[in-house]
Amino acid sequence: MLQLFMPLGFLGFVYREIKSSLANIERLFALLDRQPAVADKEDAGELEVSRAVLEFKDVAFAYDDARPILQGVSFAVQGGEKVAVVGASGAGKSTLVKLLFRFYDPQSGMVSIDGQDLRDLTQRSLRRQIAIVPQDCVLFNDSLRENIRYGNPDADEEALQKAVAAAHLQDFVARLPAGLDTVVGERGLKLSGGERQRVGIARAAIKDAPILVFDEATSSLDSRSEQAVLGAFSSMAQQHTTLVIAHRLSTIVDADRIVVLHDGKVVEQGKHHDLLLENGYYSQLWQAQQRRSE
Ligand code: ATP
């Protein structure tokens with residue numbers, strides 16, 4: 001019976017694998033078939049960055065006409081500034097980042113870098129100048145070295161070491177069995193949420209772009225990992241124009257400016273202390289988060 005069961009079990013396994021691969025192939029073709037939401041103009045120019053000033057000017061955007069997501073959004077991030085965008089879940093924070101990367105164009109208004117309307121630029125030249133640290137950094141089943149170099153495959157060893165240092169990963173790497181050659185990801189060493197996000201910071205650092213976007217992790221890290229991530233990020237932010245999508249207000253109290261989104265509109269902007277004194281929506285968000293953390 002066992003002799004019969006083993007091959008049948010194996011056939012069942014093969015059948016399930018083939019079925020799931022076919023489903024993946026179908027998804028891949030569906031993805032390839034999808035038209036990108038934006039296309040480069042025929043005469044699109046290359047983005048030239050000097051001061052790296054970002055500006056959202058009276059931006060309105062909706063994924064579908066029936067439901068406006070952003071309305072009359074205006075704010076700027078001056079060269080070298082760190083500006084945080086805060087707001088309740090669904091307020092439109094990540095949508096701002098999608099417009100900055102030009103995955104979509106606004107229905108009205110303008111997003112610009114150093115005065116150049118993103119719609120007039122090639123997407124390639126735009127994306128070359130922006131590095132993003134995503135909420136959850138996807139790791140490939142490869143060495144830590146290659147996972148970091150994914151941010152810039154042409155980077156040399158010196159740039160790699162600098163990126164490791166910028167992400168405050170040296171001690172972590174020193175403790176790994178094979179250092180930077182340790183295989184991480186799916187079938188390799190599993191990294192914690194904080195370590196993964198620091199690999200994301202190293203990837204962004206090695207890209208060496210003048211504009212940095214940090215999408216803070218929503219899932220809370222333990223306080224030591226959070227300090228490690230924030231420490232690494234703060235040193236990097238000093239050399240960049242930085243936009244932070246913040247979920248925990250405690251992490252952005254030092255921002256040069258905080259832009260408060262509510263129902264797709266900017267309802268307040270200013271420094272943390274001034275916003276608390278205004279006693280408006282930001283102050284309500286702050287108090288609610290303080291109560292939750294207590
Ligand atoms: P969170 O803090 O939960 O990440 P958020 O402030 O970043 O939220 P967005 O992700 O910008 O919010 O989403 C704003 C609104 O747009 C939400 O109501 C969301 O459901 C909707 N939305 C986001 N992406 C799409 C999409 N691709 N198609 C349609 N609606 C979308």
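Just so you know, all these numbers are worked out from the coordinates, no wet-lab data involved. For clarity, every value in this text was computed on a predicted model and none was experimentally measured. Note that we place each Cβ from the backbone using ideal geometry, even for glycine, and neighbour counts take in every protein chain shown.
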#### Entry: Fraction of antiparallel bridges per DSSP, the chain only, in percent to nearest 5
50 percent
### C-alpha long axis of helix 223-237 to longest principal axis of the chain, angle in °
60 degrees
### Message
To make sure I understand the rule: partners must be lysines, Cα under 28 Å from the Cα of Lys82, and not fewer than 8 residues away in the same chain. Which ones qualify?
### Response
Lys57, Lys93, Lys98, Lys162, Lys207, Lys265, Lys271
### Tilt relative to the chain, helix 2-33 - C-alpha long axis, 0 to 90 degrees, to 10
30 degrees
### Message
Under the √(5λ) rule applied to the eigenvalues of the Cα gyration tensor, what semi-axes describe the equivalent ellipsoid of the chain? Give them in Å, descending.
### Response
36, 26, 22
#### Entry: Within a Gaussian network of the chain (alpha carbon springs, distance under 10 Å), most fluctuating of Leu99, Leu160, Leu191
Leu191
### Message
Given N residues in the range 73-210, what is its alpha carbon radius of gyration divided by 2.2 N^0.38 Å?
### Response
1.20
### Message
To test your reading of the geometry: what angle, between 0 and 90 degrees and rounded to tens, separates the Cα axis of helix 281-293 from the longest principal axis of the chain?
### Response
40 degrees
### Query
Looking at the range 45-135, which trypsin sites (Lys or Arg not before Pro) are in a loop (DSSP not H, G, I, E or B) and have at most 12 other Cβ atoms within 10 Å?
Arg51
### Task
Quote the charge dipole size of the chain about the Cα centre in Debye, to the nearest 20; the model charges only the Cβ of Lys and Arg (+1) and of Asp and Glu (-1).
780 debye
